[in-house]
1. Classify the stretch 1-133 from the C-alpha gyration tensor, please: rounded if a/c falls under 1.5, else prolate or oblate depending on whether a/b exceeds b/c.
2. How about the stretch 110-152: which GluC sites (Glu not before Pro) there are in a DSSP loop, with at most 15 other Cβ atoms within 10 Å of their Cβ?
3. Answer rounded, prolate or oblate for the stretch 195-237, using the Cα gyration tensor with square roots of eigenvalues a ≥ b ≥ c: rounded when a/c is under 1.5, else prolate when a/b is larger than b/c, else oblate.
4. At VAL283 and VAL422, where each label point lies 7 Å from the Cα along Cα→Cβ, what is the point-to-point distance in nanometres?
5. Using alpha carbon centroids, what distance separates the stretch 369-425 and the stretch 1-33, in Å?
6. Run lengths n ≥ 4 of DSSP H only: what is the helix-derived mean residue ellipticity at 222 nm for the chain, with -39500 (n - 2.57) per run over all residues, to the nearest 500?
7. Give me the number: length gained by fully extending GLU386 to PHE131, i.e. 0.36 nm times residue separation minus the C-alpha to C-alpha distance, one decimal in nm.
8. Based on the mean of other Cβ atoms within 10 Å per residue, sort peptides 357-363, 10-16 so the most packed one is first.
Amino acid sequence: MFVEILPPSVRRLIAAGEVVECPADAVKELVENALDAEASRVEVELFRGGKSLIRVSDDGKGIHPEDIEKVVLEGATSKIRSERDLNSIRSYGFRGEALHAVSSVSRFTLKSRHFSQKEGREIRVEGGKLFPAVKVGMRPGTVVEVRDLFYNVPARRKFLSREDVERRKAAETVKEFALVRPSVAFRLYSEGRESFYYPPASFVERAEAVFGVPFEEETLEEGEVSLRLLIARNQKRGKVHLFINERPVQNRNLKEYLRKLFGTKSVILLFAQLPPYAVDVNVHPKKREVKIRRERKFTELLRKLVKGEELFSLPEVLAQREASYGPTYEVLSQLEDTFVLVKDAEFLYFLDQHLVEERAIYERTGSEEKACRGAVKAGRKLSREEMEELVKLWRSLENPHVCPHGRPIYWRIPLREIYEKVGRR
Ligand SMILES: Nc1ncnc2c1ncn2[C@@H]1O[C@H](COP(=O)(O)OP(=O)(O)OP(=O)(O)O)[C@@H](O)[C@H]1O
Ligand SMILES: [Mg+2]
């Protein structure tokens, strides 16, 4: 999807507060972005515990050149569009705040090569000032560098802890994501030396690599809900890690509860997968807590998992919430049975209806030939509904910019230009 600025009506609904207060917070945001980009490899480098440099590299899908200058703007996100999306978040990110927050308080560079492109683009932000994108040669994926965190906010910089403390917090953060996303390879370098490398693995293998002790595993799946419990008993120091819908989260009640069940000498990892509507992730500015709707029911389920009792269906007890929804764009009309005209916040788009469909089929099937033959909308009059459907389809594309053969899917004119041309500004 495109990167767009969330409208104020949605931004008002997002849990407000400080996003980044220490290097580990920045690491968390950058690793989340890499994972949202479907990276299979995430590399984190720290110097001076992250105080002088944090570099996060991934091999994910990258950022399109059209979008790259937008990603550091406040409220800029490709992950949600509307209020309704807040009820079913499937990505780590949704606020469009992280890169804005980090880049305003550091010397920041981001370079990225979108998977559809032959080269990358790099942007630089210093003291909140954005320098225009320049071309760079690089592999597909994204590399973000955050230097001198809080160099321009001395009061904040003063409150950072000692290097070794910041280093440990940042390393813990990477490990948490490594635990919950074992199919992704993670590497951490610190002060120029490799601290750890975890190759792709199963949940148990990954936990064993991180903690260096054997784990037992129990899993339970019921409808849309699945629970996975990993336990290493009789350890010197017990610990509880909670992951809900792949997010590392804090929840005192749940932790206490697990400690009671398994004793304080166990390392306990609970991975819970619930339908997105059952979990409110928009309750904490750093996304470190989530609210489980009907939490009591959830712990009841957990007890059943542990005791091996029969499970009833959680989805039944979690009522789905619907909210109002309004698109941010406007479908205007069709031109010459070939183009659909759409007005967005800043642009007038001429969408090639055939190419949109071709791209969609290509993304579904992976076949250019099928896409070519399957796309039927060329030269056809479309009804209002068909146009709306087409635009929705376009906006959901992985790559909404070019068709499988590399032709642009749309031509667009900045509205500003139209205003200027008629002397209205
Ligand atoms: N590593 C990356 N790979 C690909 N795209 C990225 C990457 N990092 C950022 N982006 C793009 O930049 C946008 C802005 O990132 P940012 O982290 O600021 O916001 P977000 O992830 O959408 O929401 P949140 O503030 O909750 O993290 C993302 O929505 C995404 O489109
Ligand atoms: Mg993010």
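Just so it is clear, none of the values below were taken in a lab; they were calculated from the coordinates. Remember, it's a predicted structure, so these values are computed and weren't measured experimentally. Here Cβ is always computed from backbone atoms with ideal geometry, including for glycine, and neighbour counts include all displayed protein chains.
1. Here the stretch 1-133 falls in the rounded category.
2. Details: sites: GLU119, GLU122, GLU126, GLU145; in loops: GLU119.
Loop-located and lightly packed - GLU119.
3. Working: a/c = 3.32, a/b = 1.46, b/c = 2.28.
Here the stretch 195-237 falls in the oblate category.
4. Those two pseudo-labels are separated by 5.0 nm.
5. Answer, in whole Å: 29.
6. On the way: 13 runs with 124 residues, N = 425.
Helices in the chain give a 222 nm mean residue ellipticity of -8500 deg cm²/dmol.
7. On the way: separation 255, 0.36 × 255 = 91.80 nm, distance 4.07 nm.
This chain segment gains 87.7 nm when fully extended.
8. On the way: 357-363: 21.1, 10-16: 14.7.
Most protected by this proxy first, the peptides run 357-363, 10-16.
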